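S.K.: Quick one: the structure is below, questions incoming.
The values are calculated or read from the model by the stated rules, or taken from the named source; none is laboratory data. Because the structure is predicted, anything quoted here is derived from the model rather than measured. Note that we place each Cβ from the backbone using ideal geometry, even for glycine, and neighbour counts take in every protein chain shown. The accessibility values were calculated without ligands, DNA or RNA, using every heavy atom of the protein model including side chains. Shrake-Rupley method; radii C 1.70, N 1.55, O 1.52, S 1.80 Å.
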Amino acid sequence: MELSVFEIFKTLQGESSFQGIPTVFIRLAGCPLNCSWCDTKHVREAEGKLISIDEIMKTVPLMGTPVVEVTGGEPLAQKNCKVLLKRLNDQGLTVLLETSGAFPLDNVDSRTHIIMDVKPPSSGEAQSLLKSNFDLLGTNDEVKFPVANREDFDYALFIIRTYEKRLWKVVFTPVEPEMEPSILAQWVLKEGPPHGRFQLQLHKILGIP
Ligand code: SF4
């Protein structure tokens, strides 16, 4: 059983409540979406290298950290991704999944920490979000809102109001250079939900992958 992999590497987790923790990233190739400000276009358009799940399972434990994130591209666009998530969890690792929310989250191993990156109007892909995915989020899961302008922030507030009971962890992050971080920080402070977290992408600040 194989997956099309763009790269496997270790770095500091740049986002989410795991920010700053050394993490192995399994970056799967390809994504059918086309966000206007996609910062991984090279991954979205790549074919990747076919690697068996068995081989991935041998590689990850050698990288010296028990935290692993499966990302993309859009990882759930590959049907074997859910098998990989189960295998990683069975290994006792702390498993994160970063997804756009455009693919069903059903049958994602319940031990997985889902980070659902909700694409706002400025991405041109807001319509891709599967709203039914909100019903599948648990207390360990996070919803991240990239924000490029005021319309995006208002959209995020609308989603938060609508799915309030399913959102335990909420992160706002500026799309740069379109969004000035200090302005978004003020919006979050004044209008964001009590549990909303403002966050800059640590890996970009540090200039690391
Ligand atoms: S979902 Fe992610 S990888 Fe796909 S186009 Fe949007 S930003 Fe890029």
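S.K.: Can you tell me which of SER128, SER182, SER52 moves the most in a GNM of the chain? Springs connect C-alpha atoms under 10 Å apart.
M.R.: Per the Cα network of the chain with a 10 Å cutoff, SER182 tops the list.
S.K.: Also, quick follow-up: Please build a GNM for the chain, connecting alpha carbons under 10 Å apart, and tell me which residue among LEU93, LEU105, LEU50 fluctuates the most.
M.R.: LEU50
S.K.: May I pose another question? Tell me what the chain gives for mean residue ellipticity at 222 nm when only DSSP H runs of n ≥ 4 count, each as -39,500 (n - 2.57), the sum divided by the residue total, rounded to 500 deg cm²/dmol.
M.R.: About -6500 deg cm²/dmol.
S.K.: Please report the spacing between the Cα centers of the stretch 109-184 and the stretch 38-57 in Å, no decimals.
M.R.: 24 Å
S.K.: Please identify, among PRO32, PRO181, PRO75, the residue showing maximal mean-square fluctuation in a Gaussian network model of the chain using a 10 angstrom Cα cutoff.
M.R.: Among PRO32, PRO181, PRO75, the largest mean-square fluctuation in the Gaussian network model of the chain belongs to PRO32.
S.K.: Looking at the chain, which Cys residues are left with no other cysteine's beta carbon under 4.7 Å from theirs?
M.R.: CYS31, CYS81
S.K.: Looking at the stretch 39-103, how many pairs of lysines come closer than 17 Å at the Cα, when each pair is eight or more places apart or spans two chains? The partial results should precede the final answer.
M.R.: Numbers: LYS41/LYS49; LYS49/LYS58; LYS49/LYS79; LYS58/LYS86.
Close lysine pairs under the 17 Å cut-off: 4.
S.K.: Relative to the longest principal axis of the chain, what angle (0 to 90°, nearest 10) does the C-alpha long axis of helix 181-191 take?
M.R.: Compared with the principal axis, the helix lies near 70 degrees.
S.K.: Okay, next question. For the stretch 15-93, with all protein chains present and a 1.4 Å probe, just round the carbon and sulfur fraction of the accessible area to a whole percent. Working shown, then result.
M.R.: Numbers: 1870 of 3580 Å².
Using a 1.4 Å probe with all protein chains present, the stretch 15-93 comes out at 52 percent carbon and sulfur.
S.K.: Work out the length of the dipole vector of the chain about its Cα centre, built from +1 on the beta-carbon of each Lys and Arg and -1 on the beta-carbon of each Asp and Glu, and round it to the nearest 20 debye.
M.R.: 380 debye
S.K.: For LYS204, LYS58, LYS41, LYS82, give me the order by solvent-accessible area with a 1.4 Å probe, most accessible first, ignoring ligands, DNA and RNA.
M.R.: Result, largest first: LYS58, LYS204, LYS41, LYS82.
S.K.: Quick query: amide H of ILE21 versus all other amide H atoms, modeled in the peptide plane; which residues come in under 5 Å with a sequence gap of 5 or more or a different chain?
M.R.: Amide H neighbours of ILE21: GLN13.
S.K.: Now a separate question. Just to confirm, what accessible area per residue do you get for the stretch 1-66 at 1.4 Å probe, in whole Å²?
M.R.: Here the per-residue accessible area is 50 Å².
S.K.: Counting only heavy atoms of protein chains, what accessible area per residue, in Å², does the stretch 82-171 have with a probe of 1.4 Å?
M.R.: Spelled out: the 1.4 Å probe surface of the stretch 82-171, per residue, equals 42 Å².
S.K.: Also: Please work out whether the stretch 12-64 counts as rounded, prolate or oblate from its C-alpha gyration tensor, where a ≥ b ≥ c are the square roots of the eigenvalues and a/c under 1.5 means rounded, while otherwise a/b larger than b/c means prolate and anything else oblate?
M.R.: Verdict is oblate for the stretch 12-64.
S.K.: Let me ask you something else. If you plug each phi of the stretch 166-173 into the Karplus form 6.51 cos²θ - 1.76 cosθ + 1.60 with θ = phi - 60°, what whole-Hz ³J(HN,Hα) values come out, in order, with x for Gly and Pro?
M.R.: After applying 6.51 cos²θ - 1.76 cosθ + 1.60, I find 10, 10, 8, 10, 10, 10, 10, 9 Hz.
S.K.: Under a 5 Å amide H to amide H cut-off, with H placed in plane at 1.01 Å, what residues pair with ARG197 once short-range neighbours are removed?
M.R.: Residues meeting the criterion, in which the H sits 1.01 Å from N, are VAL170, VAL171, PHE172.
S.K.: Follow-up question, since we're still on this one. HN-Hα J couplings of the stretch 92-103 from phi, Karplus 6.51/-1.76/1.60, θ = phi - 60°, integer Hz, Gly and Pro as x?
M.R.: x, 7, 8, 10, 10, 10, 9, 9, 6, x, 8, 10
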